[in-house]
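I have placed the structure first, in the form of structure tokens, so that the comments after it can refer back to it.
Derivation of every value follows stated rules applied to the coordinates shown; laboratory data play no part. Quick caveat, the model's predicted, so the values are computed rather than measured. Neighbour counts are summed over all protein chains in view; Cβ atoms, including those assigned to glycine, are modelled from backbone coordinates with ideal geometry.
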Amino acid sequence: MTAEEFEIKADHQLWRDLGMDVERFEKMRLTLGEVYRNTFLSQKNRPAAMDYFDRLVADMHNGRIKEMLAAKAQGRPVIGTFCVYVPEEVVIALDGICVGLCAGSPASIADAEKVLPRNICPMVKSAYGFKAANICPYYQAVDLVYGETTCDAKKKTWELLDKLVPTHVMEIPQMKRQRDFAMWLAEVEDFTARLEEMAGRKVTAASLAAAIDTVNSKRLALQRLDRLRCHPLLPVSGRDVLLVEQCSFYDEPVRFAAQVNVLCDELEQRIAAGIGLAATNPVRIMVSGTPMALPNWKLHNIIESSGAVVVHEESCIGSRYYRDIIENNHTDLPAQLAALTRRYMRINCSCFTPNDERLEQVTAEYAQQQAQGVIDYTLQFCHTYNIEAARLAQTCAAQNIPFMALESDYSPEDIGQLRTRVEAFIEQIAD
Ligand code: BJ8
């Protein structure tokens, strides 16, 4: 899609019916369209298959919302989440829809700061502000929000959010011992029971097996994309891959996986034809750290407009989401739920202590993607990732991996400062 053709579609009546502040949202729609055109559609020679994702973004406040409302009308559960620990397979096993809620924009932060302290994570403020100001159609369309206890900012915000939209909280363990596994399994069972109550039917071994297959296929498609993007020819930009990863939390999973595979087929053809970004000899950067929720494209934009290419995201909007699939060879529900729980316990969020597995994951993925440096990204005031950056720095130093830690929020104010640091880091690698 060209920049001239692209427009985030509006449906004022739909938004009004959802109880949104249409005037505010209209301004956000126009700003988002502008940022999208500058970030994505200004790129030269993009894979043609990115067109699907452009159209998905253009229609994300209409088409997908209507699908969610249709599902609700049929009595199917529609659940909003903020964390990759919430097991979407269970929602899909009940024929429901699971979406990641908006939390990546600065536009809602001032609304949140009327209630929340300023010095907490921008992701939490952005998420809360979207509901407080009624400027997100996803929030308006979900039956329930499932929050979790990964950090203090989130866990206390859910108490306030619950006053605005029904918010249930799953307790995520902070360690990975056998007793923590048992606790997390009990949380998954409670989650299942809560959704069964909503849907008025039970998860069966057959429906869960099918749902596991669906989500496994989505994760496998993203793994395939990750392998292809890092080919020496660099057949796709890091920005485009980040966008695909972000869309994985919104789109219908079967359709999404099929489209990721279409993109991968095209990347294979590009590689065979010698097409890619490598001609300009860019530095290959791996990004690690806190998630970048849509539309947070700030760091990738800075890196890729500074002469480098992002070849991997060790992030929840990245490999922490798709690295592991669930073994799907069990035929009874308790064994399936245990397998599901084991898979989720392998996500190396910095809320765990100790979290040595994450350090191993970063260095293994760095080698696998043939990166030349790591930029560790921490959202401002995220203490767990911020402190863990010190251990990551030590680990990288021990392996002679160029490493830089950055802390940022969603505002554009620090872009100049970040760019100076990123450019210096890239130059130092290129020398
Ligand atoms: S599994 S990374 S999606 S919690 S909100 S912890 S950035 S202060 S997002 Fe996350 Fe789940 Fe972990 Fe992944 Fe820090 Fe901000 Fe908290 Fe955050």
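Just a few scattered comments:
- For the listed residue pairs Lys163/Lys218; Lys66/Lys114; Lys27/Lys114; Lys131/Lys298; Lys44/Lys125; Lys155/Lys202, the alpha carbons are over 26 angstrom apart in Lys163/Lys218; Lys66/Lys114; Lys44/Lys125; Lys155/Lys202.
- Three-way shape call for the stretch 232-388 based on the alpha-carbon gyration tensor, with the a/c threshold at 1.5: oblate
- Inter-part distance, the stretch 219-270 to the stretch 57-75, computed on C-alpha centroids, equals 23 Å.
- Other residues whose C-beta falls under 14 angstrom from the C-beta of Glu7 contribute a net charge of -3, scoring Lys and Arg +1 and Asp and Glu -1.
- Put the Cα centre of the stretch 414-429 next to the Cα centre of the stretch 301-324 and the gap is 17 Å.
- For the pair the stretch 133-156 and the stretch 342-377, the centres of their Cα atoms are 26 angstrom apart.
- Alpha-carbon Debye profile of the chain, log10 I(q)/I(0) at 0.08, 0.11, 0.12, 0.14 Å⁻¹: -0.42, -0.83, -1.02, -1.45
- Legend: ranking of residues Cys102, Cys83 from fewest to most surrounding C-beta atoms inside 10 Å; resulting order Cys83, Cys102.
- Amide hydrogen neighbours beyond the local backbone of Val169, cut-off 5 Å, H modeled: Gly147
- As a proxy for reagent exposure, Ser411, Ser108, Ser217 were ordered by neighbouring Cβ count within 10 angstrom, fewest first; the result is Ser411, Ser217, Ser108.
- Hypothetical label at Glu5: residues of the stretch 236-253 whose amide nitrogen lies under 18 Å (7 Å Cα-Cβ projection): none
- For the chain, the longest site-free run once GluC sites (Glu not before Pro) in DSSP loop states with at most 12 other Cβ atoms within 10 Å are removed: 6-431
- Added length on full extension, which subtracts the Cα-Cα distance from 0.36 nm per residue, Val35 to Arg342: 106.6 nm
- The residues packed around Tyr385, meaning those with a beta-carbon under 14 Å from its beta-carbon, carry a net charge of -3 if Lys and Arg are +1 and Asp and Glu are -1.
- With each label modelled as a point 7 angstrom along the Cα→C-beta vector, the Ser42-Glu171 pair spans 4.9 nm.
- Shape class for the stretch 7-58, computed from the alpha carbon gyration tensor (a ≥ b ≥ c): oblate, with a/c not under 1.5 and a/b at or below b/c.
- The stretch between Gln74 and Thr204, if pulled fully straight at 0.36 nm per residue, gains 44.9 nm over its current Cα-Cα span.
- Summarising the label geometry, the points placed 7 Å from Cα in the beta-carbon direction at Glu23 and Ala258 lie 4.3 nm from one another.
- Reciprocal of mean inverse Cα separation for the stretch 12-201 (Kirkwood radius, Å): 18.0 Å
- Charged neighbours of Phe40, selected by a Cβ distance under 13 Å, balance to -1 (K, R count +1; D, E count -1).
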